[in-house]
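The values are calculated or read from the model by the stated rules, or taken from the named source; none is laboratory data. The structure displayed is predicted, hence computed values, not measured ones. As a convention, Cβ positions derive from the backbone with ideal geometry for all residues, glycine included, and neighbour counts pool all protein chains shown.
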Amino acid sequence: MYTQVRFAPAQESYNPSEELILLVDKDNQPIGSCARKEMRQKNLTHRSTFVFVLNNEGKLYVQKRTTTKDVFPGFYDICTGGVVAASDPSILDSARRELQEEIGINPENVEFCFYHLYQDEKTSVWCACFLTYWDGELVLQPEEVQWIELMSTDEIFTRSQTENFCPDAIVLLRMMIDQGRIR
């Protein structure tokens with residue numbers, strides 16, 4: 001099945017570095033907020049949403065991130081999502097906001113799966129993992145997404161051996177497979 005893809009108009013004043021981000025502690029409890037730029041510079045622990053979007057054939061929508069992203073620029077990302085803003089009413093609202101912003105969809109069901117703490121030299125993030133299904137049109141955000149393609153999990157794992165994929169999302173995909181949520 002072919003999914004129609006188009007780009008949204010570019011935003012004239014797009015500058016995510018000053019966005020206020022929710023900060024959390026080692027137990028995933030809110031402790032305050034700061035600008036995204038400060039969170040990245042100091043590698044402060046925060047929350048992000050990671051939404052696995054599958055089509056009816058079980059393939060994942062994989063984004064090629066723009067080279068201007070503040071973390072993992074130009075990498076393939078197997079999830080739609082992003083940092084939770086201090087103003088987001090809930091983690092589900094944040095996930096839905098990201099789905100709308102990045103790929104222009106508003107699915108009926110977005111299922112929360114689990115939280116997982118992911119840490120490396122670039123990020124310290126409580127990942128809020130979600131799952132949804134979509135087979136309609138996509139409207140990509142040009143500031144964040146270069147293009148999108150459908151991939152099976154086998155293709156993702158094979159290509160991740162030679163191409164750059166967001167490492168946090170690869171860890172989460174393995175967990176989703178282990179839990180039987182994705183094949």
Determine whether the stretch 145-152 contains at least one residue that is at pLDDT 95 or above, over 13 Å from the mean Cα position of the chain (by Cα) and within 30 Å of residue 28 (Cα to Cα). no
Among the residues that make up the stretch 32-48, is at least one of them farther than 26 Å from residue 165 by Cβ, at pLDDT below 95 and polar (S, T, N, Q)? no
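When you look at residue 121, is it touching an Asp or Glu at 6+ places or on another chain (Cβ under 8 Å), among the acidic types (Asp, Glu) and farther than 12 Å from residue 79 by Cα, yes or no?
no
Among the hydroxyl-bearing types (Ser, Thr, Tyr) and surrounded by 19 or more Cβ atoms within 10 Å (Cβ to Cβ): is that true of residue 48 in this structure?
Spelling it out, residue 48 is indeed among the hydroxyl-bearing types (Ser, Thr, Tyr) and surrounded by 19 or more Cβ atoms within 10 Å (Cβ to Cβ).
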One residue is enough: does the stretch 58-76 have a residue meeting the conditions of a type outside the set (Phe, Trp, Tyr) and farther than 22 Å from residue 142 by Cα? yes
Looking across the stretch 67-79 at residues that are at pLDDT below 95 and in contact with an Asp or Glu (Cβ under 8 Å, 6 or more places away or on another chain), the single one that is surrounded by the fewest Cβ atoms within 10 Å (Cβ to Cβ) is 68
Just a yes or no: is a residue in the stretch 80-94 among the small types (Gly, Ala, Ser), out of contact with any His (no Cβ under 9 Å at 6 or more places or on another chain), part of a loop (DSSP other than H, G, I, E, B) and surrounded by 19 or more Cβ atoms within 10 Å (Cβ to Cβ)? yes
For the stretch 128-159, which positions are free of Cβ contacts under 8 Å to residues at least 24 places away in the same chain and either among the charged types (D, E, K, R) or assigned to a loop (DSSP other than H, G, I, E, B) (or both)? 154, 155
Taking residue 40, is it touching a Ser or Thr at 6+ places or on another chain (Cβ under 9 Å), assigned to a strand (DSSP E or B) and over 20 Å from residue 104 (Cβ atoms)? no
So, residue 130, is that one touching an Asp or Glu at 6+ places or on another chain (Cβ under 8 Å) and closer than 22 Å to residue 92 by Cβ or not? yes
